[in-house]
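Undergrad: I'd like to ask some things about the structure below.
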Amino acid sequence: MHASKGDRLVMHGRVVGESDRVVEIVEVLGPNGTPPFRVRAANGHESIMSPGPDSVVDHRKSADQI
(Lines give C-alpha, C1' and ligand atoms only; values in the text may rest on other atoms or scores of the structure.)
Protein backbone atom coordinates (compact mmCIF):
# COMPACT_ATOMS: atom_id res chain seq x y z
CA MET A 1 0.00 0.00 0.00
CA HIS A 2 1.42 3.35 -1.10
CA ALA A 3 -0.04 6.80 -0.43
CA SER A 4 0.79 10.49 -0.58
CA LYS A 5 -0.25 13.46 1.50
CA GLY A 6 -3.78 14.46 0.50
CA ASP A 7 -4.90 10.97 -0.51
CA ARG A 8 -7.91 9.46 1.24
CA LEU A 9 -7.88 6.19 3.16
CA VAL A 10 -11.13 4.22 2.88
CA MET A 11 -11.81 1.54 5.50
CA HIS A 12 -14.67 -0.68 4.35
CA GLY A 13 -17.41 -1.68 6.78
CA ARG A 14 -16.98 -5.21 8.11
CA VAL A 15 -20.65 -6.12 8.48
CA VAL A 16 -23.73 -5.61 6.33
CA GLY A 17 -25.13 -2.11 6.79
CA GLU A 18 -21.96 -0.64 8.29
CA SER A 19 -20.73 2.44 6.41
CA ASP A 20 -17.22 2.89 5.06
CA ARG A 21 -15.00 5.24 7.06
CA VAL A 22 -12.96 7.79 5.13
CA VAL A 23 -10.02 9.79 6.48
CA GLU A 24 -7.51 12.13 4.84
CA ILE A 25 -3.82 11.25 4.89
CA VAL A 26 -2.00 14.30 6.25
CA GLU A 27 1.48 12.74 6.58
CA VAL A 28 3.19 9.57 5.39
CA LEU A 29 5.50 8.26 8.11
CA GLY A 30 6.86 5.14 6.38
CA PRO A 31 9.52 4.98 3.68
CA ASN A 32 8.49 5.46 0.02
CA GLY A 33 4.82 6.18 0.75
CA THR A 34 4.19 3.13 2.94
CA PRO A 35 2.38 3.01 6.32
CA PRO A 36 2.09 4.17 9.00
CA PHE A 37 0.08 7.26 8.07
CA ARG A 38 -1.02 10.26 10.11
CA VAL A 39 -4.69 10.71 9.22
CA ARG A 40 -7.43 13.27 9.92
CA ALA A 41 -11.12 12.41 10.22
CA ALA A 42 -13.93 14.73 9.15
CA ASN A 43 -14.42 15.84 12.78
CA GLY A 44 -10.76 17.01 12.95
CA HIS A 45 -9.45 14.12 15.07
CA GLU A 46 -5.93 13.02 14.04
CA SER A 47 -4.30 9.66 14.66
CA ILE A 48 -1.57 7.38 13.34
CA MET A 49 -2.73 4.29 11.44
CA SER A 50 -1.28 1.19 9.86
CA PRO A 51 -4.24 0.13 7.69
CA GLY A 52 -5.43 -3.45 7.49
CA PRO A 53 -6.54 -5.55 4.51
CA ASP A 54 -10.03 -3.98 4.57
CA SER A 55 -8.56 -0.57 3.62
CA VAL A 56 -7.75 1.03 0.26
CA VAL A 57 -6.06 4.28 -0.73
CA ASP A 58 -8.12 6.66 -2.87
CA HIS A 59 -5.64 8.78 -4.81
CA ARG A 60 -8.21 11.41 -5.82
CA LYS A 61 -7.49 14.80 -4.35
CA SER A 62 -9.94 16.29 -1.86
CA ALA A 63 -12.10 19.26 -2.89
CA ASP A 64 -9.97 21.81 -1.01
CA GLN A 65 -6.85 20.80 -2.99
CA ILE A 66 -8.34 21.44 -6.44
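Undergrad: Percent of accessible area on region 15-62 owned by carbon and sulfur, 1.4 Å probe?
TA: Values: 1700 of 3200 Å².
Roughly 53 percent of what the probe reaches on region 15-62 is carbon or sulfur.
Undergrad: Further, regarding this structure: Just flag the trypsin sites (Lys or Arg not before Pro) in region 1-60 sitting in loop per DSSP whose Cβ has no more than 14 other Cβ atoms within 10 Å. Each step should come with its number before you reach the end.
TA: Numbers: sites: Lys5, Arg8, Arg14, Arg21, Arg38, Arg40, Arg60; in loops: Lys5, Arg14, Arg60.
Hits after loop and neighbour filter: Lys5, Arg14, Arg60.
Undergrad: Right, next: Please report, in whole Å, how far the alpha carbons of the chain spread along each principal axis, starting with the longest.
TA: Each principal axis gives a Cα extent; for the chain these are 34, 25, 21 Å.
Undergrad: Okay, next question. Please list, in chain and number order, the residues 5+ apart from Asp7 or on another chain whose amide H is under 5 Å from its amide H, with Hs placed from the backbone.
TA: Here the answer is Ile25, since their amide H atoms fall under 5 Å of that of Asp7.
Undergrad: Just add up the charged neighbours of Asn32: K/R +1, D/E -1, any other residue whose Cβ is under 15 Å from the Cβ of Asn32. Display every interim value, and only then the final one.
TA: Numbers: positive: Lys5; negative: Asp7, Glu27.
Taking every other residue near Asn32 into account, the sum is -1.
The values are calculated or read from the model by the stated rules, or taken from the named source; none is laboratory data. Just so it is clear, the model here is predicted, and its values are computed rather than measured. So basically every Cβ, Gly included, is an ideal-geometry build from the backbone, and we count neighbours across all protein chains shown. We work out accessible area using only protein heavy atoms, side chains counted, and drop any ligands, DNA or RNA first. Shrake-Rupley method; radii C 1.70, N 1.55, O 1.52, S 1.80 Å.
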